[in-house]
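Written out below as structure tokens is the structure these notes cover.
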Amino acid sequence: MKFRILLTGKNGQVGAELEALLPRLGEVAAFDRHELDLSNPDHIRRAIHDVQPTVIVNAAAYTSVDQAEKEEKQAYIINVDAPALMAEEAKKIGAALVHYSTDYVFDGSRNLPYGETDQPNPINVYGKTKLAGEEAIRAVGLPHLILRTAWVYGTRGRNFLFTILRLATEREELRVVCDQFGAPTWSREIAKATGSVLVQLSQQGQDAISKFSGLYHLTAAGKTSWFEFAKAILERASRTPPGVAWFVAATGGHPFVVRRITPIATQEYPTPARRPAFSVLSNYCLKQTFGLELPDWRAQLDSAFADKQA
Ligand SMILES: NC(=O)c1ccc[n+]([C@@H]2O[C@H](COP(=O)([O-])OP(=O)(O)OC[C@H]3O[C@@H](n4cnc5c(N)ncnc54)[C@H](OP(=O)(O)O)[C@@H]3O)[C@@H](O)[C@H]2O)c1
């Protein structure tokens, strides 16, 4: 079975990787913010009406964690109202919805990986909106996959990898938080895993998405802190040959001036939004249901650095 796919957020980290990968699974109509603005219900209705998808993949979201603290209404519109409307419209035409959520639905007060049945308790506005988005989709009762991922980076866009590489060209010392733990996940691996799940479902026929409908954690294996992640980035950066396009984009082609990287506590780096101290997710359900296990975060980072495609 080939899908007809409507993809939102095609310029985002995950969306851009999906736009490159999803055509292997069927026909894809991909939209950026300009073409399909999630804050405009008419755009959502019109795009779904025009494309008549069998699957909607919603890679668009309000993702500015700190800004959400002062733009709560806007974050709710994009992360809750829009996916709720997409779900309703999809249900009317018998389509399924694939949607992404976040490790930030958890408060981070424990130190064992969170499973899908663990109680969420978001501690910032972004996390609250993403959790409410999950609930809104479930409430519509259509075939859906909600894929919770974490600490996303890619070889384009705004992300921790790019921030560290840029700062390494500007500052002699980098001070990075060492008491928040998670699993940095490369956007390409998220797209690949999404594609693998959809391929498996397409091979199982019409009702497969209904049968396996639900919530799945989808993150890199392993865990680390922002500090260790930054160190791993700089180690790989020092071995990167000149001229790799995405690396030049990240550094602006400037040489590194960084001399040391210093671990600091969260309280030494105050931000508008609180972040969970521990948000590692168990991917047990993904493995049990689809036989999928994403590579360890270090291997993913190696692959991202080796990427010639970006
Ligand atoms: N980034 C992370 O660390 C992280 C962690 C956990 C979960 N997630 C989830 O993973 C998914 C993908 O995130 P990502 O990292 O790929 O995010 P991203 O790079 O910030 O991309 C989000 C995309 O959404 C688009 N968008 C924002 N507002 C929109 C609107 N009103 N209408 C249409 N499009 C709009 C953005 O458009 P522009 O390009 O025009 O800005 C951008 O292309 C999201 O559901 C996110 O919540 C992300």
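The values are calculated or read from the model by the stated rules, or taken from the named source; none is laboratory data. Quantities reported herein were computed from a predicted structural model and do not represent experimental measurements. All Cβ positions, glycine included, derive from the backbone under ideal geometry; neighbour counts span all protein chains shown. With ligands, DNA and RNA removed, areas are computed over all heavy atoms of the protein, side chains included. Shrake-Rupley method; radii C 1.70, N 1.55, O 1.52, S 1.80 Å.
Can you give the direction-averaged projected area of the convex hull of the alpha-carbon atoms in the chain, in nm²? Show your work: numbers first, answer last.
Values: hull surface 60.1 nm².
Approximately 15.0 nm², given one-decimal rounding.
What percentages, rounded to whole numbers, describe P(r) for region 21-165 computed over all alpha carbon pairs with 10 Å bin width beginning at zero?
Pairs per bin, as whole percents: 11, 38, 37, 14, 1.
Which pairs in the list Lys192/Lys223; Lys2/Lys92; Lys73/Lys287; Lys70/Lys192; Lys91/Lys130; Lys92/Lys192 are over 31 Å apart, alpha-carbon to alpha-carbon?
Beyond 31 Å: Lys73/Lys287; Lys70/Lys192.
Using a/c under 1.5 as the rounded threshold, could you call region 65-113 rounded, prolate or oblate? The axes a ≥ b ≥ c are square roots of the C-alpha gyration tensor eigenvalues, and prolate needs a/b larger than b/c, oblate otherwise.
Taking the square roots of the gyration eigenvalues as a ≥ b ≥ c, region 65-113 is oblate.
Pairs of alpha-carbon atoms within less than 8 angstrom and 6+ residues apart define the contacts here; what relative contact order does region 151-310 have, in percent?
Details: 218 pairs, mean separation 66.6, N = 160.
Over region 151-310, the number comes to 42 percent.
Please work out whether region 191-248 counts as rounded, prolate or oblate from its C-alpha gyration tensor, where a ≥ b ≥ c are the square roots of the eigenvalues and a/c under 1.5 means rounded, while otherwise a/b larger than b/c means prolate and anything else oblate?
oblate
Round to the nearest 10 and give me the degree value, 0 to 90, for the angle of helix 226-238's Cα axis relative to the longest principal axis of the chain.
70
Given the C-alpha centroids of region 1-15 and region 252-282, what is the distance between them in whole angstrom?
So the two Cα centres are separated by 31 Å.
List the residues whose amide H sits under 5 Å from the amide H of Ile56, counting only those 5 or more places along or on another chain, with H placed 1.01 Å from N in the peptide plane.
Leu6, Ala96, Leu97, Val98
Using only the alpha-carbon atoms, how far is helix 160-170 inclined from the longest principal axis of the chain? Give it as 0 to 90 degrees, nearest 10.
With both axes taken from Cα atoms, the answer is about 30 degrees.
Taking the highest mean first, how do the peptides 13-25, 110-122 order by number of other beta carbon atoms within 10 angstrom per residue?
Details: 13-25: 21.0, 110-122: 14.2.
Those peptides, ordered most packed to least, come out 13-25, 110-122.
Please report, as a whole percent, how much of the solvent-accessible surface of region 1-95 comes from carbon and sulfur atoms (probe radius 1.4 Å). Can you show the working numbers first?
Numbers: 2110 of 4630 Å².
Within region 1-95, the accessible surface is 46 percent carbon and sulfur.
Considering only DSSP beta bridges where both residues belong to the chain, give the percentage that are antiparallel (nearest 5).
Details: 2 of 35 bridges.
Restricted to the chain, the bridges split so that about 5 percent are antiparallel.
Once the Cβ-Cβ distance between Lys211 and Ser39 is put in as r, and R0 is 35 Å, what FRET efficiency do you end up with, to the nearest 0.05?
The computed FRET efficiency comes out at 0.55.
Can you give me the Cα centroid spacing of region 62-111 and region 139-157 in angstrom?
Result: 9 Å between the Cα centres.
Return the sequence-ordered ³J(HN,Hα) values of region 215-224 in whole Hz as given by the Karplus equation 6.51 cos²θ - 1.76 cosθ + 1.60 applied to θ = phi - 60°, using x for Gly and Pro.
Computed from phi, the couplings for region 215-224 are 9, 9, 7, 9, 9, 4, 6, x, 8, 7 Hz.
Using per-residue counts of other Cβ atoms within 10 Å, averaged over each peptide, order 189-195, 271-277, 142-148, 96-102 from highest down. Don't jump to the answer; show the numbers that get you there.
Working: 189-195: 21.9, 271-277: 17.3, 142-148: 23.4, 96-102: 25.0.
For the peptides 189-195, 271-277, 142-148, 96-102, the packing ranking is 96-102, 142-148, 189-195, 271-277.
Farthest toward the dipole's positive end in region 100-250, which of Pro242, Ala221, Gly157, given Cβ charges of +1 (Lys, Arg) and -1 (Asp, Glu) about the Cα centre?
Farthest towards the positive end: Pro242.
Restricting to DSSP H runs of at least four residues, report the calculated mean residue ellipticity at 222 nm for the chain, -39500 (n - 2.57) per run over all residues, nearest 500 deg cm²/dmol.
Values: 12 runs with 121 residues, N = 310.
Dividing the helical sum by the residues of the chain leaves -11500 deg cm²/dmol.
Treating the angle as unsigned and between 0 and 90°, give the value, to the nearest 10°, between the Cα long axis of helix 187-203 and the longest Cα principal axis of the chain.
Between helix and principal axis, roughly 30 degrees.
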